[in-house]
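Take a look at the structure below.
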Amino acid sequence: MVLYGQIVMGAPGAGKTTYCDGMQQYLRLLGRECLVVNLDPANEVPYPTASGDDDEPEKGGDAKLDDQGNNEESGNAQLPYETVLDVCEDIISLDAVMQELQLGPNGGLLYCMEYIEHHLLEVMNLLKERLNMQDGQKSGESDRPYLL
């Protein structure tokens, strides 16, 4: 299956999320299915903290790691658009890496990007699996989803 799409890149605050949300809404209005693949390991839901205790984020991090495989289709609640694959939920998240490996944000991002690079085949297989689950019966060119 040939897929069409865009790669949206930019600095933090450049408007990538706003653009992807608007593009997904626009393509849906035109009757074209648009699926977003979020490969940003830092674009994740912040841990809820009820108090200022230092232990609270750590507990939230453990809960997030346990829920990774159980919540495949709901996606990242922080994002205004639906995702077919969210690297934070499905593969690796910056907060988890920073906590588990005691890295800062820069080292954590480097680790996450290298992890994704080294596991690119698995990422692509997961994406193909998700696409087949959603559109297994469609075969026409116009029915193929557009990826952002």
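The values are calculated or read from the model by the stated rules, or taken from the named source; none is laboratory data. Keep in mind it's a predicted model, so treat the numbers as computed, not measured. Cβ atoms come from the backbone with ideal geometry, glycine included; neighbour counts cover every protein chain shown. With ligands, DNA and RNA removed, areas are computed over all heavy atoms of the protein, side chains included. Shrake-Rupley method; radii C 1.70, N 1.55, O 1.52, S 1.80 Å.
Selection of first residues in the stretch 4-20 that are touching a residue at least 12 places away in the same chain (Cβ under 8 Å) and of second residues that are part of a helix (DSSP H, G or I) and open to solvent by 50 Å² or more (accessible area, probe 1.4 Å), restricted to Cβ pairs under 7 Å at least 6 apart or on distinct chains, gives the following pairs, ordered by first then second residue: V8/K16; V8/Y19.
Taking the stretch 78-96 as the range and being assigned to a helix (DSSP H, G or I) and closer than 21 Å to G15 by Cβ as the test, the residues that pass are V87, C88, L94.
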